[in-house]
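For reference, the structure discussed in these notes is given below.
The values are calculated or read from the model by the stated rules, or taken from the named source; none is laboratory data. Given the structure is predicted, the values throughout are model-derived calculations rather than measurements. Positions of Cβ are backbone-derived with ideal geometry, glycine not excepted, and every protein chain shown enters the neighbour counts.
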Amino acid sequence: MDVVSSREFRANQRKYFDLALTNDVVITSRSHGSYRLVPVRESDTLIDQTTLEAKIRRGIEEYEQGKVHRMEEGRVLMASSVE
């Protein structure tokens, strides 16, 4: 594990981003505490690209079929009425 100050991290960001791909990197700050630098992988996302594209296509199809709900300006959609 590599522990670096926030000042050192700011001065050498690329170095520590590259290092975080293979090692634990902890950034310390006197005023904000410590943080671990962790790369975000594709598997970490909430929705993968294929699912996202399928949902967008489905939405476009529903729009083209007229399956839409038009709201008057100023109205609020309640969460319980959303599928």
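Residues in segment 19-32 that are small (G, A, S) and either surrounded by 10 or more Cβ atoms within 10 Å (Cβ to Cβ) or at pLDDT 95 or above (or both): A20, S29.
Scoring Y16 on the criteria (1) of a type in the set (S, T, Y); (2) over 23 Å from the mean Cα position of the chain (by Cα); (3) surrounded by 11 or more Cβ atoms within 10 Å (Cβ to Cβ) leaves a single failure, condition (2). What are the residues in segment 37-65 that are within 24 Å of R14 (Cβ to Cβ) and of a type in the set (A, V, I, L, M, F, W, C), if any? Result: L37, V38, V40.
Taking the stated definitions as given, is N23 touching an Asp or Glu at 6+ places or on another chain (Cβ under 7 Å) and among the polar types (S, T, N, Q)? Here the answer is yes, as N23 does meet what is asked.
Counted as qualifying within the chain are no strands (runs of 3 or more DSSP E), as none has 2 or more residues that are without any contact (Cβ under 8 Å) to a residue 60 or more places away in the chain and in contact with a Pro (Cβ under 8 Å, 6 or more places away or on another chain).
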